[in-house]
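Below is one structure, written out as structure tokens; the observations come after it.
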Amino acid sequence: MRKLTSQTNQLSLIVLLMALTFTIQSCEHKDKESTKEATDEVIVETEKPEYFYLRPEFEKAQGYTHAVKVGDIIRISGAVSMDDKGNAKNIGDLGQQMRNCYADLEKILNHYGCTFDDVIVENIFTTNMPAFLKNAAYRNKIYTKQFPTGNWVGVKELVIPDIMIEIGLEVYKPD
């Protein structure tokens, strides 16, 4: 009987040692995986926004920035046909207001070293959709390679009385 108890104790001890060995090896394997995961992580540096004012006095007084670049993306607030004091230009002439908008947008794009070919989103708001549609072909002079995505939206009014069109852009420009 003592021999059987001794053999049982030895067997129990062997099983316990094997289980302990397996547990230790398993933990070491998990530590290696954790280390591997940590070394595979990509550290992304955050980009500081770069702000641009087309009409600094007016924009600051109204509480907005005309363009902001973060990383490879530039977001441009809606351009409207106005002078530096915020007065509407070319009242009643949607075609000329549209050309004025694109002229201002081109100034902003040039500031960032971009062209209309870098535009990925264009959103147009107009108080007169039929007049806009009559002038929409002008965009073929602006976008010579491809058209961006976007929206054309008819609205009741825009920020400045007598403004008939507002055009906002989003640009992708990798460094």
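Taken over the range 22-69, the criterion of being hydrophobic (A, V, I, L, M, F, W, C), open to solvent by less than 100 Å² (accessible area, probe 1.4 Å) and at pLDDT below 55 is satisfied by Cys27, Ala38.
One line per residue, one yes/no per condition, for (1) among the acidic types (Asp, Glu); (2) in contact with a strand residue (DSSP E or B) (Cβ under 7 Å, 6 or more places away or on another chain); (3) open to solvent by less than 30 Å² (accessible area, probe 1.4 Å); (4) more than 30 Å from Thr46 (Cα to Cα):
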{"position": "Ile73", "(1), (2), (3), (4)": "no, yes, no, no"}
{"position": "Asp84", "(1), (2), (3), (4)": "yes, no, no, yes"}
{"position": "Asn90", "(1), (2), (3), (4)": "no, no, no, yes"}
{"position": "Gly95", "(1), (2), (3), (4)": "no, no, yes, yes"}
{"position": "Asn110", "(1), (2), (3), (4)": "no, no, no, no"}
{"position": "Ile120", "(1), (2), (3), (4)": "no, yes, no, no"}
{"position": "Asn123", "(1), (2), (3), (4)": "no, yes, no, no"}
{"position": "Thr126", "(1), (2), (3), (4)": "no, yes, yes, yes"}
{"position": "Met129", "(1), (2), (3), (4)": "no, yes, no, yes"}
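Inspection of the range 131-147 finds no residue satisfying the criterion of being in a loop (DSSP other than H, G, I, E, B), surrounded by fewer than 16 Cβ atoms within 10 Å (Cβ to Cβ), touching a strand residue (DSSP E or B) at 6+ places or on another chain (Cβ under 8 Å) and at pLDDT below 95. For Tyr112, the test of being at pLDDT 95 or above, of a type in the set (Ser, Thr, Tyr) and farther than 22 Å from Phe58 by Cα is failed.
Being open to solvent by less than 40 Å² (accessible area, probe 1.4 Å) and β-branched (Val, Ile, Thr) is the filter; apply it to the range 148-175 and report the residue that is farthest from Glu59 (Cα to Cα).
Among those that are open to solvent by less than 40 Å² (accessible area, probe 1.4 Å) and β-branched (Val, Ile, Thr), it is Val171.
Would you point out the residue of the range 120-170, among those that are of a type in the set (S, T, N, Q) and touching a helix residue (DSSP H, G or I) at 6+ places or on another chain (Cβ under 9 Å), that is nearest to Gly95 (Cα to Cα)? By that ranking, first place goes to Asn135. Would you check if Ile76 is touching a residue at least 60 places away in the same chain (Cβ under 8 Å), within 18 Å of Ile167 (Cβ to Cβ) and either outside any loop (DSSP other than H, G, I, E, B) or under 26 Å from the mean Cα position of the chain (by Cα) (or both)? Yes.
Residue under question is Ser81, and the condition is that it be in contact with a His (Cβ under 9 Å, 6 or more places away or on another chain) and within 22 Å of Ile160 (Cβ to Cβ); does it hold? No: the conditions fail for Ser81.
The values are calculated or read from the model by the stated rules, or taken from the named source; none is laboratory data. Nothing here was measured: the structure is a model prediction, and the numbers come from that model. Glycine gets a Cβ as well: all are built from the backbone with ideal geometry, and neighbour counts include every protein chain shown. Side chains are part of the model used for accessible areas, which takes the heavy atoms of the whole protein and leaves out ligands, DNA and RNA. Shrake-Rupley method; radii C 1.70, N 1.55, O 1.52, S 1.80 Å.
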